[in-house]
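A short worksheet on the structure shown next.
The values are calculated or read from the model by the stated rules, or taken from the named source; none is laboratory data. Just so it is clear, the structure is predicted and the values come from calculations on it, not from any experiment. Neighbour counts are summed over all protein chains in view; Cβ atoms, including those assigned to glycine, are modelled from backbone coordinates with ideal geometry.
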Amino acid sequence: MIGLSVAEGVQVRGALSGLKATAVMSSVFVLHPDATVPPKVVTDNVFRALGLRPVSGAWLPAHFAFGMTLGALRARVGAPRIAFALAVWAGGYATSLPALGLYPSLARDHGRRAAASLVSHLVFGAALRD
C-alpha cells in the first residue's frame, strides 16, 4: 500500500479482512432468530454499565469495528485463522464477557444462540484472509 510500511500494510489488509469476515459471520445469526444476537446483548449491556440507555442499532457498527480490530491483530501476530477465532470466542463469550456481566454464562445462555455464536466465530476464522 502506498505510503505505508510493510507492517502497516499488513494491518490494513487484516482490518479489511476482518470487516469482510464479520459480514460473513453475521449471516450465521439467522440460526437463532428467536434470540437477540450476541453482539447486541454485549453492546446494550456496555451502555447500561456506563449508565447510559442502549442506542438502537449501535451494536452493528460496534461489531464491525471489533471485527476489523481483530482482523488487524490476527494479521499482525500471524495467528492461524481458526485457532484465533476460537480463542476470540473462548476469551469473550465463554469467559470474560460473563465475568464482566456483559453476557450470560454459557450455562445460562439460550442454547441455540450459544451454539450459533461458536459457529459464527468459526465462520469468522474461515473467512479471514492473509
Restricting attention to the stretch 74-130, report how many residues are closer than 15 Å to A21 by Cβ, free of Cβ contacts under 8 Å to residues at least 40 places away in the same chain and touching a Ser or Thr at 6+ places or on another chain (Cβ under 9 Å).
-> 1
Checked the stretch 61-120 for anything surrounded by 18 or more Cβ atoms within 10 Å (Cβ to Cβ) and outside any helix (DSSP H, G or I); matches are L102, Y103, D109
Lone unmet requirement of (1) β-branched (V, I, T); (2) part of a loop (DSSP other than H, G, I, E, B); (3) exposed (fewer than 13 other Cβ atoms within 10 Å of the Cβ) for T36 | (3)
Filter the stretch 13-33 for residues that are farther than 14 Å from F124 by Cα and buried (at least 16 other Cβ atoms within 10 Å of the Cβ); the one that is modelled with the lowest pLDDT is H32
Quick count over the stretch 41-60, residues being closer than 16 Å to L100 by Cβ and assigned to a helix (DSSP H, G or I), is 9
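Looking only at the stretch 4-26, which residues are free of Cβ contacts under 8 Å to residues at least 12 places away in the same chain and assigned to a helix (DSSP H, G or I)?
Taking the stretch 4-26 as the starting set, the residues that turn out to be free of Cβ contacts under 8 Å to residues at least 12 places away in the same chain are 4-6, 8-9.
Scanning the stretch 4-26 gives V6, E8, G9.
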Of all residues in the stretch 121-130, count the ones that are part of a helix (DSSP H, G or I) and either among the aliphatic types (A, V, I, L, M) or surrounded by fewer than 19 Cβ atoms within 10 Å (Cβ to Cβ) (or both).
-> 4
